[in-house]
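The values are calculated or read from the model by the stated rules, or taken from the named source; none is laboratory data. Keep in mind that this is a model prediction, so the values were computed, not measured. In this analysis, Cβ positions are derived from the backbone assuming ideal geometry, glycine residues included, and neighbour counts consider all displayed protein chains.
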Amino acid sequence: NPNNTDLVIVGAGLFGLTVAQQAVEHAGARVHIIDVRDHIGGNAYSYFDDETGIEIHKYGAHLFHTSNRRVWEYVNRFTEFTDYVHRVYTTHNGEVFPLPINLGTINQFFHASYTPAEAKRLIEEQAGEYADITPKNLDEQGKKLIGKPLYEAFIKNYTGKQWQTDPAELPASIIRRLPMRYNYNNRYFKDTWEGLPKDGYTAWFEKMIADPRIEVSLGVDFFDESQPLNRKAIQAAGIPVVYTGPIDRYFDYDLGELKWRTVDFKERRYDEDDHFGCPVMNYADADVPYTRAIEFRNFNPERAESYKPGKTVVWEEYSRFARRGDEPYYPINTEDDKNIYAQYQAKAALEPNTVFGGRLGTYKYYDMHQVIDTALTAYDEQVAPLLRK
Ligand code: FAD
Ligand code: UDP
């Protein structure tokens with residue numbers, strides 16, 4: 001009922017849940033969250049598989065990591081975290097190597113026993129003419145960072161499968177987030193804190209909104225005028241809105257569509273306790289059509305007792321361009337996209353009573369911790385003033 005609602009939030013992802021929690025805590029607001037899906041949590045949602053007891057991340061593997069103290073303290077109010085540390089391996093030419101590329105990868109690849117200084121010299125030599133340039137694209141960035149042989153073995157074909165775009169046309173920033181290490185440290189992330197929610201993602205998210213002033217309606221589309229919490233009705237009633245759906249959809253795509261990549265998951269069940277011996281196996285070569293495979297039970301080894309013995313679930317990831325109606329996962333962010341987004345952003349700034357946020361609402365590839373951080377700031381700077389009005 002719009003009459004007893006102070007704030008409508010479109011999207012029960014981490015952005016929407018964080019704003020809802022803050023609005024109740026700081027303003028005592030009565031919040032109504034709607035989501036077109038049949039569950040909360042957005043892309044970070046997970047469920048426990050009936051057959052095996054394994055937690056499956058429905059929209060692809062989600063690993064929590066952050067160096068942001070405010071965010072780490074905030075999330076720890078709602079869940080404990082396991083001591084999981086993310087590590088990834090990759091298969092190349094029938095051999096398994098550790099990632100991110102580190103001294104172990106280098107020595108295995110060259111059948112050598114280089115010291116850190118020797119390996120550094122070798123890579124500099126192999127970077128050749130790329131060593132001293134300022135990389136303009138992913139291809140140059142890759143060759144500069146790890147030299148041509150390693151780039152061609154571990155990055156070139158994987159990136160080709162992931163983006164189906166010539167690496168010379170991709171922004172260097174895509175691989176800048178991967179560290180290159182001249183020691184044997186194969187932690188995937190550089191962040192201060194990491195872990196997985198002890199009782200699963202969904203238990204964490206439920207705790208964030210466990211307050212009678214927060215109501216959630218699932219299976220409800222903001223643009224569907226046959227339901228009472230639709231855009232026209234809410235705006236006519238003058239209720240503030242936090243919108244975390246696609247920004248181009250909000251404006252009926254009138255300036256064009258923003259481009260995304262999506263992932264298709266193919267599930268395989270094996271009658272084994274452990275199929276890979278690790279949670280994530282990348283496939284560096286072009287002859288394997290998927291980029292990587294996730295073995296979910298290896299994210300939570302501490303739950304071994306609760307798993308059905310002799311069963312494991314693996315998801316292979318196939319990446320492709322998203323069409324309208326597909327799940328938008330990775331913003332492509334060509335120059336064209338950036339221009340279109342800037343124009344939508346200008347229009348969004350003029351929308352009365354409406355705050356745009358999250359990955360879809362701001363066309364940004366955010367990790368979970370970044371979404372939470374931007375939501376905390378958006379609450380203070382944009383939502384709280386609307387609630388006071
Ligand atoms: P979302 O989670 O997308 O939530 C938006 C919600 O809005 C959705 O539930 C959608 O159904 C709803 N919505 C949209 N339109 C409407 C409408 N018209 N009406 C009603 N509801 C609507 N982050 C990490 O930190 N670590 C990781 O390891 C990691 N791995 C990832 C792997 C993949 C494959 C992907 C795609 C993302 C990954 N992320 C990871 C990022 C993480 O998923 C996001 O940062 C986070 O989920 C974004 O939250 P959000 O609220 O902005 O958006
Ligand atoms: N990448 C690669 N080989 C790998 C892993 C990553 O070439 O084995 C490149 C690829 O371009 C990818 C980017 O590094 O898009 C970022 O990798 P990350 O694992 O962070 O990807 P995400 O989890 O965001 O899909």
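Things to note:
- The selection criterion, being within 9 Å of ligand 2 (Cβ to nearest atom), surrounded by fewer than 20 Cβ atoms within 10 Å (Cβ to Cβ), under 19 Å from the mean Cα position of the chain (by Cα) and of a type in the set (D, E, K, R), does not hold for Arg187.
- For the range 349-358, the criterion of being within 16 Å of ligand 2 (Cβ to nearest atom) and in the same structural domain as Arg69 (by TED's automatic domain parsing) is met by none of the residues.
- Residue satisfying condition, being over 24 Å from the mean Cα position of the chain (by Cα), surrounded by fewer than 20 Cβ atoms within 10 Å (Cβ to Cβ), farther than 30 Å from Ser306 by Cα and not hydrophobic (A, V, I, L, M, F, W, C), within set Pro228, Pro171, Pro179: Pro228
- Some residue of the range 271-290 being over 28 Å from Lys364 (Cβ atoms), under 24 Å from the mean Cα position of the chain (by Cα), surrounded by 14 or more Cβ atoms within 10 Å (Cβ to Cβ) and more than 16 Å from ligand 2 (Cβ to nearest atom): no
- Just one of (1) away from ligand 1 (no atom under 16 Å from the Cβ); (2) free of Cβ contacts under 8 Å to residues at least 60 places away in the same chain fails for Pro116. It is (2).
- Check on Glu124, part of a helix (DSSP H, G or I), more than 30 Å from Val371 (Cβ to Cβ), away from ligand 2 (no atom under 16 Å from the Cβ) and more than 19 Å from the chain's Cα centre (by Cα): yes
- Contacts under 6 angstrom Cβ, first residue in the range 91-105 being within 11 Å of ligand 2 (Cβ to nearest atom), partner modelled with pLDDT under 95 and assigned to a loop (DSSP other than H, G, I, E, B), 6 or more apart: Pro100/Leu178; Pro100/Pro179; Ile101/Met180
- Odd one out for Asp50, checked against (1) assigned to a loop (DSSP other than H, G, I, E, B); (2) touching a residue at least 60 places away in the same chain (Cβ under 8 Å): (2)
- Hits in the range 40-51 - residues which are surrounded by 16 or more Cβ atoms within 10 Å (Cβ to Cβ) and of a type outside the set (Gly, Ala, Ser): Ile40, Asn43, Tyr45, Asp49
- Hits in the range 58-77 (condition: basic (Lys, Arg) and under 16 Å from Pro197 (Cα atoms)): Lys58, Arg77
- Subset of the range 6-38 [under 18 Å from Asp224 (Cβ atoms) and either crowded, with 18+ Cβ neighbours inside 10 Å or within 8 Å of ligand 1 (Cβ to nearest atom) (or both)]: Val8, Ile9, Val10, Gly11, Ala12, Gly16, His32, Ile33, Ile34, Asp35, Val36, Arg37
- One residue alone among Pro301, Pro212, Pro240, Pro246 is assigned by TED's automatic domain parsing to the domain that holds Ala20 and without any contact (Cβ under 8 Å) to a residue 12 or more places away in the chain, and that residue is Pro212.
- Cross-chain or 6+ apart pairs with Cβ under 6 Å, the range 61-81 first and assigned to a helix (DSSP H, G or I), then within 15 Å of ligand 1 (Cβ to nearest atom) and at pLDDT 95 or above: Val71/His369; Val71/Ile372; Val71/Asp373; Trp72/Thr66; Trp72/Trp193
- All helices (runs of 4 or more DSSP H) inside the range 309-389 with 1 or more residues being within 13 Å of ligand 1 (Cβ to nearest atom): 358-361, 368-378
- Unique residue being closer than 16 Å to Trp260 by Cβ, in the same structural domain as Gln21 (by TED's automatic domain parsing) and modelled with pLDDT of 95 or more when the list is Tyr341, Tyr365, Tyr379: Tyr341
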